[in-house]
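This report concerns only the one structure given below.
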Amino acid sequence: MEVAGAVDSHFVGEDIGKLCDMEPLEIPIINDLTMVLGSISQAKETGVVVDFTDPSAVYDNVKQAIAFGMRSVVYVPQIKLDTVTALSAFCEKASTGCLVAPTLSIGSILLQQAAISASFHYNNVEIVESRANARDLPSADVVQIVNNLSNLGQMYNREDLETDVTARGQVLGEDGVRVHSMVLPGLPSSTTVYFSGPGEIYSIKHDITEVQCLMPGLILAIRKVVRLKNLIYGLEKFL
């Protein structure tokens, strides 16, 4: 597995290795996806495009990758579900794999799976997250947890649903899950899900201290997507 090309609109001309604090790879960043895909498709037997771009660009990027016979790993947390649906139909028709991952953090996925299991045993749940900045709150990870806990036939926090005290946090979704977002410069990216039942509290916590935590999930996604002939949503399908 090796880096074969890099596309970005900001760091054009810089060596992708140096930019990532590695040794120089002699691969300059260019702002032309079609040129990079064409070059790689001629030189490599199997190519995978890793897309960290923007929700508005994902659909066209994946279509271009497929046109050059390449599969895609998409990590764009705010991607719309209608975009995923459209991409799924396109990938199915082209018999080409694509993995859309709301998160690449394996710890985050394990937390989500544990929360789903716990939701069948506890009627009260609150989510507390901390972030260093206030961009996109509640975070994509928290929104995903709430979505996972919704539509399971469970109504949470029944005795507290009518509270309009703002300090009690935001009720997200239709099933009563409360979310509290704390923002302070320097805070690690942290998510804790609290469940409670008679006489006990069950809490699940996940902290992200470095962006390197995404790399094991990314490597796994790249290895798995080359075998796919359709779109898969969620890295958890391969854990």
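The values are calculated or read from the model by the stated rules, or taken from the named source; none is laboratory data. Computed from a predicted model, the values in this text were never measured in an experiment. A quick note on method: Cβ atoms are made from the backbone with ideal geometry, for glycine too, and the neighbour counts reach across all protein chains shown.
A compact table of results
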quantity: Selection status of LYS237, in a helix (DSSP H, G or I), out of contact with any Phe, Trp or Tyr (no Cβ under 9 Å at 6 or more places or on another chain) and either within 25 Å of SER88 (Cβ to Cβ) or outside the structural domain of VAL73 (by the TED database) (or both); calculated: yes
quantity: ASN230 being of a type outside the set (Phe, Trp, Tyr), under 30 Å from GLU92 (Cα atoms) and touching a residue at least 40 places away in the same chain (Cβ under 8 Å); calculated: yes
quantity: Test result for VAL48, within 22 Å of LEU220 (Cα to Cα), touching a residue at least 40 places away in the same chain (Cβ under 8 Å) and buried (at least 19 other Cβ atoms within 10 Å of the Cβ); calculated: yes
quantity: Qualifying positions in region 120-132 - touching a residue at least 60 places away in the same chain (Cβ under 8 Å) and either over 14 Å from ASN157 (Cβ atoms) or not in a loop (DSSP other than H, G, I, E, B) (or both); calculated: HIS121, ASN124, VAL125, GLU126, ILE127, VAL128, GLU129, SER130
quantity: Which numbered condition MET22 misses (of (1) modelled with pLDDT of 90 or more; (2) surrounded by fewer than 12 Cβ atoms within 10 Å (Cβ to Cβ); (3) not polar (S, T, N, Q)); calculated: (1)
quantity: Filter result for ARG135 (under 22 Å from VAL76 (Cβ atoms), basic (Lys, Arg), free of Cβ contacts under 8 Å to residues at least 60 places away in the same chain and not in a helix (DSSP H, G or I)); calculated: yes
quantity: Filter result (exposed (fewer than 13 other Cβ atoms within 10 Å of the Cβ) and either among the acidic types (Asp, Glu) or not assigned by the TED database to the domain that holds LEU137 (or both)) within region 150-195; calculated: GLU159, GLU162, ASP164, GLU174
quantity: Search result, residues across region 196-239 that are at pLDDT 95 or above, exposed (fewer than 12 other Cβ atoms within 10 Å of the Cβ) and β-branched (Val, Ile, Thr); calculated: ILE201
quantity: Any hit, region 149-166, residues being out of contact with any Phe, Trp or Tyr (no Cβ under 7 Å at 6 or more places or on another chain), part of a helix (DSSP H, G or I), acidic (Asp, Glu) and without any contact (Cβ under 8 Å) to a residue 60 or more places away in the chain; calculated: yes
